[in-house]
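**Q** Quick one: the structure is below, and I'll ask about it shortly.
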Amino acid sequence: MEHSAAPYDERLTAPGSWWVITALVALSGGLILLPLGTVPMLGAVVVTGLLAAVAVSSYGSARIRVVAGSLVAGDARIPVAALGDAEVLAGEEARAWRMHKADPRAFMLLRSYIPTALRVKITDPTDPTPYVYVSTRNPRALAAALDAVRRSGSEEKETSGPVRGSVRDRP
């Protein structure tokens, strides 16, 4: 079944406070080279600012989508047919699954600045990954999108046969 639009699409971005820190790093780079003159100082502001912005942007911009019958979270692409029940996590429970309850075999797309998450069990017996932990600002909508794809996939499965494919494709 081909979907024209993804039922769920979210881009995680770094919070505003991180961009303030980026500006302070640029300013610090300029202050270090201030004794050498105005031109080196301005060059340092630009270079350190760009490097800090690239670092914040690359870490902060993870994408979560449910598209073409799969959950795409960062580098992972997991067919919805290989996913089990989804558990919405918030507050202390989300923190616990990021820390002491975490399984080292789990795939985790986590961002500490997002307090909510979705934990989804992997049901494929050949995959050693027990679950997927995804930081998301709207875990209920993500769970609903997975359920919608699962329901439409089960209707399609009755007419087209079993779902096959890799549980996880990562570079």
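**Q** Would you pull out the residues with amide H under 5 Å of residue 122's amide H, same chain only if 5 or more places away, H placed 1.01 Å from N?
**A** 84, 131, 132
**Q** Name the GluC sites (Glu not before Pro) in the stretch 1-96 that are in a loop by DSSP and that have at most 16 other C-beta atoms within 10 Å, would you? All intermediate terms of the calculation are to be shown ahead of the outcome.
**A** Working: sites: 2, 10, 87, 92, 93; in loops: 2.
When the GluC sites (Glu not before Pro) of the stretch 1-96 are filtered for loop state and at most 16 Cβ neighbours within 10 Å, 2 remain.
**Q** Another question about this same structure. What Kirkwood hydrodynamic radius do you get for the chain when you take the inverse of the mean 1/r over all pairs of distinct Cα atoms, in Å? Intermediate values should be presented prior to the final figure.
**A** Numbers: mean 1/r = 0.0549 Å⁻¹.
Result for the chain stands at 18.2 Å.
**Q** Hey, another quick one. Quick one: compute a quarter of the convex hull surface over the Cα atoms of the stretch 87-140 and quote it in nm².
**A** Values: hull surface 14.0 nm².
Mean orientational projected area (the stretch 87-140, Cα hull): 3.5 nm².
**Q** Say each of residue 28 and residue 11 gets a label point 7 Å from the Cα, pointing the same way as Cα to Cβ; how far apart are those two points in nm?
**A** 2.8
**Q** Among 26, 126, 141, whose Cα lies farthest out toward the positive end of the dipole of the chain, if unit charges sit on the beta carbon of Lys, Arg (+1) and Asp, Glu (-1)?
**A** Among 26, 126, 141, the one farthest towards the positive end of the dipole of the chain is 26.
**Q** Calculate the dipole size of the stretch 26-105 relative to its Cα centre from +1 charges on Lys and Arg beta carbons and -1 charges on Asp and Glu beta carbons; express the result in debye to the nearest 20. Could you put the intermediate results ahead of the total?
**A** Details: 7 positive and 6 negative charges, 36 e Å.
Result for the stretch 26-105 is approximately 180 debye, rounded to the nearest 20.
**Q** What distance in nm separates the two pseudo spin-label positions at residue 101 and residue 121, each 7 Å out from Cα along the beta-carbon direction?
**A** Reported label-point gap for residue 101 and residue 121 is 1.4 nm.
**Q** Starting from the exponent 0.38 and prefactor 2.2 Å, build the expected Rg for the stretch 1-102 from its residue count and divide its actual Cα Rg by it.
**A** Working: Rg = 20.6 Å, N = 102, 2.2 N^0.38 = 12.8 Å.
That ratio works out to 1.61.
**Q** Rounded to whole Hz and in sequence order, give me ³J(HN,Hα) for the stretch 98-105 from the Karplus expression 6.51 cos²θ - 1.76 cosθ + 1.60, θ = phi - 60°, writing x for Gly and Pro.
**A** Per-residue couplings from phi come out as 7, 10, 6, 8, 5, 9, x, 7 Hz.
**Q** At what distance in angstrom do the alpha carbon centres of the stretch 1-74 and the stretch 82-150 lie from each other?
**A** What the calculation gives is 24 Å, centre to centre.
**Q** Here's another thing I want to ask about it. Thinking of the stretch 5-50 as a set of Cα atoms, what percent of all their pairs are more than 18 Å apart? Intermediate results must be reported in sequence, preceding the final value.
**A** Details: 467 of 1035 pairs.
Within the stretch 5-50, distances greater than 18 Å cover 45 percent of Cα pairs.
Rule-based calculations on the coordinates, nothing more; no lab input. If you're wondering where the values come from, they're calculated on a predicted model, not measured in any experiment. Backbone-built Cβ (ideal geometry, glycine too); neighbour counts: all protein chains shown.
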